[in-house]
């Protein structure tokens with residue numbers, strides 16, 4: 001149905017220019033009213049006003065590692081091997097709980113079926129520490 005046919009149909013059914021709201025779309029009056037309402041909302045909401053930039057709160061912090069090192073594969077790492085007489089924390093100035101699991105002699109299998117043995121040292125620390133920024137931080141840290 002072309003526009004001319006539609007206009008003739010609408011004129012016969014509803015009279016000249018008196019289309020129901022569902023056929024006429026949005027009127028200029030409704031459009032201007034909605035636009036004025038939206039503009040008033042934006043101006044009164046404060047969205048158009050500039051705001052001051054704020055610095056983020058201090059993050060989790062970077063812990064200071066313990067000074068002792070263990071050499072593996074020619075590289076020095078800041079941890080001590082698991083032993084009841086050694087400090088198990090990996091963070092200097094740490095006060096909290098340390099959980100340690102050490103599994104020696106585990107066996108894994110490669111995709112070709114070859115068996116490999118491995119050792120696992122996993123630790124987690126939950127507490128407070130003094131970070132490299134000099135601030136006290138409360139965090140949970142992990143070591144695998």
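Please treat every number below as a calculation from the coordinates, not as lab data. The model shown is predicted, which means the values in this text are computed figures rather than measured ones. When we count neighbours, we look across all protein chains shown, and the Cβ atoms used for this are built from the backbone with ideal geometry, even at glycine.
Between residue 133 and residue 77, the modelled label-to-label distance comes to 2.8 nm, taking each label 7 Å out from Cα in the direction of the beta carbon.
D by Stokes-Einstein for region 70-143, Kirkwood Rh over Cα pairs, 37 °C, 0.692 mPa s: 225 µm²/s.
At R0 = 30 Å, how high is the FRET efficiency between residue 124 and residue 62 if r is their beta carbon distance? Nearest 0.05 is fine.
Working: r = 17 Å, r/R0 = 0.58.
Once the sixth-power term is evaluated, E becomes 0.95.
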